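Q: What follows is a structure written as structure tokens; I'll ask about it next.
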Amino acid sequence: MKFSIAVPQFDYHEFDRAGLRSFVERAEELGFEGIWTLEQTIGRAPLLAPLELLSFCAAYTERLRLGVAVLVTSQHEPLQLASMVTTLDRISHGRLDVGVAPGRGGPSLAAFGVEKDTFISYFTEGLTLMKLAWSDDPTVDFHGRFRDVADLPFQPKPIQRPHPPIWFGGMAPKALARAVRHGDAYMGAGASSTEAFAARVPVVRRELAEQGKDPAHFPIRKRVYLMIDDDAARARERVLDGLRRLYGQMPGVETFPVSGTPDDVARGLKEAIAAGAQTLLLNPLGLDVPENREQMERLAAEVIPQLS
């Protein structure tokens with residue numbers, strides 16, 4: 001069982017450069033597989049941009065995988081995003097994992113000029129164009145519904161071939177089929193309960209069988225929002241406060257997290273593993289870097305040993 005840890009992204013006052021550097025260096029020392037970010041370009045929470053933040057982290061780590069789950073790629077110009085991904089993959093010497101999603105088709109996509117009726121096809125076409133840019137061909141030719149590209153040079157290419165692993169989220173059956181068709185791995189959302197995740201894993205596995213993909217090369221991971229506190233009631237209050245900072249008044253937010261004493265959190269994570277998670281992305285919801293650092297230390301010392 002492998003574990004990754006979320007990078008603190010809240011930035012309310014002043015960027016804690018020394019604290020974040022110490023955080024990622026310590027994550028590597030503790031043996032975490034990777035560090036992950038998320039994207040929320042439009043939202044109430046003051047979240048630092050994911051790829052830029054991972055570039056900072058890449059400079060102070062050697063082994064950790066660097067992940068983002070998920071980029072709402074419909075909000076980005078595909079070739080520009082392909083260049084950004086390539087740059088991060090190259091400066092990290094091939095350590096990048098990229099999660100992608102089309103978004104939900106609401107007002108936030110309209111702010112980026114994406115139409116509600118076509119946002120899924122806009123997303124899949126953009127992803128296809130990015131994959132072509134990452135291919136071995138020195139130039140890109142693509143004639144689609146939304147974009148027309150002819151003999152356009154694209155250099156350099158990512159270190160990882162044919163491209164960094166593409167992680168998909170998704171909840172509905174069609175979204176899960178799309179994840180298997182276009183992706184390399186599946187990430188269960190943090191904004192989703194373990195029970196809901198357990199219902200989706202069999203759908204992913206069925207799609208892998210029907211589409212002829214090897215499940216051994218298609219990992220399944222779950223992001224778990226969490227908070228450890230020796231006072232279980234206080235842990236619950238702290239984690240819900242963090243979720244409200246991130247998601248506002250999203251319905252069902254109280255079903256998302258795992259919280260409580262170290263034993264409580266270990267039980268919750270065991271449930272996610274039993275539901276089908278092959279790896280876990282542990283996501284403390286502290287207000288700042290020191291609070292998340294304390295959570296990471298407790299996870300490594302008091303929780304993860306119970307999961308081996």
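Q: Could you calculate the contour length gain from E14 to R90, that is, 0.36 nm times the residue separation minus the distance between their Cα atoms, to one decimal place in nm?
A: On the way: separation 76, 0.36 × 76 = 27.36 nm, distance 2.86 nm.
Roughly 24.5 nm would be gained on extension.
Q: Angle between the Cα long axis of helix 194-210 and the longest principal axis of the chain, 0 to 90 degrees, nearest 10?
A: That helix lies at roughly 30 degrees to the long axis.
Q: Under a 1.4 Å probe, what is the accessible area of the stretch 2-306 per residue, stated in Å²?
A: Ligands and nucleic acids excluded, the figure is 45 Å² per residue.
Q: Explain nothing, just compute: Karplus ³J(HN,Hα) = 6.51 cos²θ - 1.76 cosθ + 1.60, θ = phi - 60°, for every residue of the stretch 80-91 in order, whole Hz, x for Gly and Pro.
A: 5, 5, 4, 5, 5, 4, 4, 4, 5, 5, 6, 6
Q: Angle, helix 173-182 long axis vs. longest principal axis of the chain, Cα atoms, 0 to 90°, nearest 10?
A: That works out to roughly 60 degrees.
Q: Another question about this same structure. How large is ³J(HN,Hα), in whole Hz, for each residue of the stretch 44-55 in order, when computed from phi with the Karplus curve 6.51 cos²θ - 1.76 cosθ + 1.60 and θ = phi - 60°, using x for Gly and Pro?
A: 6, 6, x, 9, 5, 5, x, 5, 5, 5, 5, 4
Q: Return the distance in nm (one decimal) between the two label points of a simple spin-label model at A172 and Q249, each offset 7 Å from Cα along Cα→Cβ.
A: Going by the 7 Å Cα→Cβ label model, 2.6 nm.
Q: Please state, to two decimals, what the Cα-based radius of gyration of the chain comes to when divided by 2.2 N^0.38 Å (N = residues).
A: 0.98
Q: Might you report the magnitude of the Cβ-based charge dipole of the stretch 1-157 about its Cα centre, with Lys and Arg at +1 and Asp and Glu at -1, to the nearest 20 debye? Mind dumping the intermediate values first?
A: On the way: 15 positive and 21 negative charges, 65 e Å.
Here the stretch 1-157 has a charge dipole of around 320 debye.
Q: In addition: Compute the length gained on full extension between D214 and K270: take 0.36 nm times their separation in residues and subtract their Cα-Cα distance, giving the result in nm to one decimal. Can you show the working numbers first?
A: Working: separation 56, 0.36 × 56 = 20.16 nm, distance 2.51 nm.
Residue separation times 0.36 nm, minus the Cα-Cα distance, leaves 17.7 nm.
Q: Are there GluC sites (Glu not before Pro) in the stretch 279-308 that DSSP marks as loop and that have at most 13 other Cβ atoms within 10 Å, and which are they?
A: Sparse-neighbourhood loop GluC sites (Glu not before Pro): none present.
Q: Counting only helical runs of four or more DSSP H residues, what would the 222 nm mean residue ellipticity of the chain come to if each run contributes -39,500 (n - 2.57) and the total is spread over all its residues?
A: -12500 deg cm²/dmol
Q: Still on this structure: For Y12, what accessible area in Å² do you get when you roll a 1.4 Å probe over the heavy atoms of the protein chains, rounding to the nearest 10?
A: Rounded to the nearest 10, the figure is 100 Å².
Q: Applying 1/(1 + (r/R0)^6) with R0 = 41 Å to the Cβ-Cβ distance of A45 and L152, what FRET efficiency is obtained, to the nearest 0.05?
A: 0.65
Q: Still on this model: Of K2/K270; K2/K131; K131/K174; K2/K174, which sit over 18 Å apart, Cα to Cα?
A: Too far apart for the 18 Å limit: K2/K131; K131/K174; K2/K174.
Q: Next question. Under the Kirkwood approximation for Rh and a Cα-based Rg, what ratio Rg/Rh is obtained for the stretch 196-308?
A: On the Cα set of the stretch 196-308, Rg over Rh gives 1.03.
Q: Under the definition of Cα pairs under 8 Å and six or more residues apart, what whole-number percent is the relative contact order of the stretch 2-306? It would help to have the intermediate numbers written out before the result.
A: Numbers: 539 pairs, mean separation 52.3, N = 305.
That works out to 17 percent.
Q: Within the stretch 1-106, report the GluC sites (Glu not before Pro) that DSSP leaves as loop and that have at most 15 other Cβ atoms within 10 Å.
A: E14, E62
Q: Follow-up. Can you list residues from other chains, or at least 5 along the same chain, whose modelled amide H is less than 5 Å from the amide H of V70?
A: The list, which skips near neighbours in sequence, is E39.
Q: I've got another one for you. Against the longest principal axis of the chain, how steep is helix 232-247, in degrees 0 to 90 to the nearest 10, with axes from Cα atoms?
A: The answer is roughly 20 degrees.
Q: Same structure, new question: Taking θ as phi - 60°, what are the ³J(HN,Hα) couplings along the stretch 113-127 by the Karplus curve (6.51, -1.76, 1.60), each to the nearest whole Hz, with x for Gly and Pro?
A: Per-residue couplings from phi come out as x, 9, 7, 4, 6, 10, 5, 5, 5, 4, 5, 5, 5, x, 5 Hz.
The values are calculated or read from the model by the stated rules, or taken from the named source; none is laboratory data. Since we're looking at a predicted model, the values are computed, not measured. Counting neighbours? That spans all protein chains shown, and the Cβs are built from the backbone with ideal geometry, glycine included. Just the protein is used for accessible areas: all its heavy atoms, side chains included, with ligands, DNA and RNA removed. Shrake-Rupley method; radii C 1.70, N 1.55, O 1.52, S 1.80 Å.
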